[in-house]
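Below is one structure, written out as structure tokens, with a few remarks after it.
Where a number appears in this text, it was derived from the coordinates with a stated rule and is not lab data. What you see is a predicted model, and the numbers here were worked out from it, not measured in a lab. Because the Cβ atoms are built from the backbone with ideal geometry, glycine has one as well, and the counts that use them run over all protein chains shown.
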Amino acid sequence: MKLIFVYHATSGKVQALWDTAHKIISPKNYSCSLCAITFGAFSEKKIWKDFRENSKTEMIFLHRDEFQKQYKSKWLQKFDFPVILVTRNEVLEVFISSVELKELKTPESLIELITKRLNRN
């Protein structure tokens, strides 16, 4: 089992600069709640980074365009981004939905939800 984190952002340096500026200037309407939870304006939040680095669960992090390219298939269901997916027997399932991510406000709340759901499996 692995978790696939898909940000509602496009990859690339120019896009990263735009996202940073957007988070600083207008954080309330920034479209990627997963980015807002796990990253500050300039770097990954320490508590999140520590959790990620010490987790026994494999985690993959992709931007929306990278995910769509890597997992492109006419059979792949459509996902709302951001989203956290889980692979079970080569099948992708929603682990934490976009709606749920929008409700979370802190890395601690995300870590708690991930831990809770991993312990159920």
Checklist line | R0 of 22 Å, Cβ-Cβ distance Glu100-Lys46: FRET efficiency to nearest 0.05 | finding: 0.40
Check: So how much slack lies between Arg120 and Glu58, counting 0.36 nm per residue of separation and subtracting their Cα-Cα distance, in nm?
Finding: 20.7 nm
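Would the range 52-121 count as rounded, prolate or oblate if I go by the C-alpha gyration tensor, calling it rounded below 1.5 in a/c and otherwise prolate when a/b exceeds b/c, oblate otherwise?
Details: a/c = 1.78, a/b = 1.45, b/c = 1.23.
Prolate shape, in that a/c is at least 1.5 and a/b is the bigger ratio.
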Next item on the list: Compute the length gained on full extension between Met1 and Glu112: take 0.36 nm times their separation in residues and subtract their Cα-Cα distance, giving the result in nm to one decimal.
Entry: 38.1 nm
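In the structure displayed, which of Lys2/Lys49; Lys49/Lys78; Lys2/Lys56 lie more than 21 Å apart, Cα to Cα? Numbers along the way, then the final one.
Working: Lys2/Lys49 17 Å; Lys49/Lys78 29 Å; Lys2/Lys56 10 Å.
Result: Lys49/Lys78 exceed 21 Å.
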Checklist line | Sparsely packed GluC sites (Glu not before Pro) within the range 53-121, loop by DSSP, other Cβ within 10 Å at most 11 | finding: Glu90
